[in-house]
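Here is the structure we will look at, set down as structure tokens.
What follows is calculated from the coordinates using simple rules that are stated; it is not laboratory data. Please read all numbers here as calculations on a predicted model, not as lab measurements. Because the Cβ atoms are built from the backbone with ideal geometry, glycine has one as well, and the counts that use them run over all protein chains shown.
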Amino acid sequence: MKIERKKKFESNTDALEIIDQEFYHGKPERVAELEQMRADDAVARKIYDLRTKAGLTQRQLATMIGTTRRRPPPTPEPKRW
């Protein structure tokens, strides 16, 4: 008679699944932050694509929309998860 042994735990080597489990699973506020970052990224990429398609530099686009070069606000302290 052969006895099958079950693993004590399942090992996961998929990095994205590990990250999802560790940082996002069951944490709706983190999921909302991630969704906002993805939306911001999509807007930035669209602006880049349209600007380069039009043959404009960043400076030219800034002049056209009436903005000036400013220092970005200080980066907030990273969240400790």
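As a rough guide to protection, the peptides 67-73, 19-25, 35-41 ranked by mean Cβ packing within 10 Å, highest first, stand as 19-25, 35-41, 67-73.
Charge tally around Arg30: other residues with Cβ under 11 Å, Lys/Arg +1 each, Asp/Glu -1 each, net -3.
The calculated FRET efficiency for the pair Thr75 and Gln21, based on their C-beta separation and a Förster distance of 22 Å, comes to about 0.20. If you plug the beta carbon distance of Asp41 and Ser11 into 1/(1 + (r/R0)^6) with R0 = 25 Å, you get a FRET efficiency near 0.20.
Multiplying each eigenvalue of the alpha-carbon gyration tensor of the stretch 23-65 by 5 and taking the square root yields semi-axes of 33, 9, 6 Å, largest first, rounded to whole angstroms.
Note that the chain, at 25 °C in a medium of 0.890 mPa s, gets a Stokes-Einstein diffusion coefficient of 139 µm²/s from its Kirkwood radius over C-alpha pairs. Ranked for footprinting exposure by Cβ neighbours inside 10 Å, fewest first, Thr75, Thr52 give Thr75, Thr52.
Under a Gaussian network description of the chain, with springs only between Cα atoms under 10 Å, the residue in Gly66, Gly26, Gly55 that fluctuates furthest is Gly66.
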